[in-house]
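Let me begin by presenting the structure, written as structure tokens, before commenting on it.
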Amino acid sequence: MANREYTRCLIIGSGPAGYTAAIYAGRANLQPIEYCGMQMGGQLTQTTTVENFPGYPQGVDGNQMMMELREQAERFGATLRDGEIVKADLSKAPYLLTTDRGDEIEAETVIIATGATAKYLGLDDEKKYNGQGVSACATCDGFFYRKKVVAVVGGGDTACEEAIYLAQLASKVYMIVRKPYLRASDVMKKRVEENEKIEILYETNTLGLYGENGVEGAHLVYRKGEADERKYDLPIDGFFLAIGHKPQSDLFRDFVDVDEQGYIKVDSPTQATKVPGVFAAGDVCDPRYRQAIVAAGTGAKAALDAEKYLNGLGK
Ligand code: NDP
């Protein structure tokens, strides 16, 4: 039979936003319960070194940072659980959330910190070759492409980071960029441009993939729709997507407001959604910055907002 329990503060998600919310809510004695999701630690566990989080002059391994945040949250009394929230009823307080085991949680406040997931181009071949040469995580799968030829799609900071990482393993890395320039920051642009193993294919789109047993190449088009359009095949062993992310807000869209991309809207300068006692933090509500330090900051704000809300109710 399903268990039902009550909490003053339920945190959903375990990236820098979720863990920081748990640290703050724990220290405020809210005895929060945090559901850590399928990918405990979030996107930073798929990156290599985090170089831009203040306090780490030499950078810090993403996994290590998440383990330490987790430890810190537990030290202040947060209860951390594996597993996911699969259903949310935010129509009336206390809110009712259901876990993937079928257990129910009544929560006085909810902090949504579910993050974002990688986007795909939407080609049938991405599904066909998923796990057979198609990946959205270079640091997870790059190991399989030692001394091989790979392509990274995208021209932002993520694509540059993935290309640089893959260049340490692969013999050659192509970047497939649809615009005539990279969107990435200057420092990342410089690093890819100076890397001898990386070749940037500007104004290029992917039409499909081919291969007998896994990816053996990509069908590309240069300057699609222009007078000098050219279609050609590029032999590659791996195809990595780095074209941005989609916020994981589907579960909550019937109750909170989201923008046209699905990012949860909050009532700035707080992290409050339009549902009283329900707050959002991190990438799920941040179409603009999507940085670990910003996620951690909004996690802290959400917990402080939750504490204030509960104080107002006298709970
Ligand atoms: P971005 O949205 O910045 O870049 C996405 C890239 O993918 C763009 O080049 C975009 O092209 C391209 N793209 C999107 N859709 C398609 C498509 N259908 N076909 C082909 N190309 C496509 O996402 P990122 O994940 O790179 O970065 C997100 C945020 O995180 C940014 O603010 C970034 O600065 C930050 N970040 C910072 C890092 C750091 O500081 N170390 C590391 C990683 C990310 P177009 O330009 O034409 O739109």
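The values are calculated or read from the model by the stated rules, or taken from the named source; none is laboratory data. Nothing here was measured: the structure is a model prediction, and the numbers come from that model. As a convention, Cβ positions derive from the backbone with ideal geometry for all residues, glycine included, and neighbour counts pool all protein chains shown. All accessible areas refer to the heavy atoms of the entire protein, side chains included, with ligands and DNA or RNA removed. Shrake-Rupley method; radii C 1.70, N 1.55, O 1.52, S 1.80 Å.
Taken as a whole, the condition of being farther than 30 Å from residue 160 by Cα and touching a Phe, Trp or Tyr at 6+ places or on another chain (Cβ under 7 Å) does not apply to residue 77. Within region 233-251, being touching a Ser or Thr at 6+ places or on another chain (Cβ under 8 Å), more than 16 Å from the ligand (Cβ to nearest atom), not polar (S, T, N, Q) and not in a strand (DSSP E or B) holds for one residue alone: 251.
Can you find a residue that is assigned to a strand (DSSP E or B) and near the ligand (Cβ under 8 Å from one of its atoms) anywhere in region 182-204?
No, the conditions are met nowhere in region 182-204.
Looking at residue 60, is it out of contact with any helix residue (DSSP H, G or I) (no Cβ under 8 Å at 6 or more places or on another chain), within 16 Å of the ligand (Cβ to nearest atom) and open to solvent by less than 20 Å² (accessible area, probe 1.4 Å)? In short, yes.
Here residue 128 fulfils each of the conditions (1) among the charged types (D, E, K, R); (2) open to solvent by 60 Å² or more (accessible area, probe 1.4 Å); (3) within 12 Å of the ligand (Cβ to nearest atom); (4) touching a strand residue (DSSP E or B) at 6+ places or on another chain (Cβ under 8 Å) apart from (3). Summed over region 226-262, residues that are over 20 Å from the mean Cα position of the chain (by Cα) and either modelled with pLDDT under 95 or open to solvent by 70 Å² or more (accessible area, probe 1.4 Å) (or both) total 9. Given the structure, is residue 315 within 19 Å of residue 32 (Cβ to Cβ), of a type in the set (Lys, Arg) and either in contact with a helix residue (DSSP H, G or I) (Cβ under 6 Å, 6 or more places away or on another chain) or touching a residue at least 60 places away in the same chain (Cβ under 8 Å) (or both)? For residue 315, the condition - within 19 Å of residue 32 (Cβ to Cβ), of a type in the set (Lys, Arg) and either in contact with a helix residue (DSSP H, G or I) (Cβ under 6 Å, 6 or more places away or on another chain) or touching a residue at least 60 places away in the same chain (Cβ under 8 Å) (or both) - is met.
Of the residues examined, residue 282 is one that is small (Gly, Ala, Ser), at pLDDT 95 or above and within 16 Å of the ligand (Cβ to nearest atom).
May I ask you to verify whether residue 299 is more than 16 Å from the ligand (Cβ to nearest atom), under 18 Å from residue 9 (Cβ atoms) and out of contact with any strand residue (DSSP E or B) (no Cβ under 7 Å at 6 or more places or on another chain)? Talk me through it step by step, then tell me what you get.
Working: more than 16 Å from the ligand (Cβ to nearest atom): yes; under 18 Å from residue 9 (Cβ atoms): yes; out of contact with any strand residue (DSSP E or B) (no Cβ under 7 Å at 6 or more places or on another chain): yes.
So residue 299 fits the description; yes.
Scanning region 138-180 for residues that are assigned to a loop (DSSP other than H, G, I, E, B), near the ligand (Cβ under 8 Å from one of its atoms) and surrounded by fewer than 19 Cβ atoms within 10 Å (Cβ to Cβ) returns 156, 178, 179.
The residues of region 55-89 that are in contact with a Cys (Cβ under 7 Å, 6 or more places away or on another chain) and in a strand (DSSP E or B), listed by number, are 80, 81.
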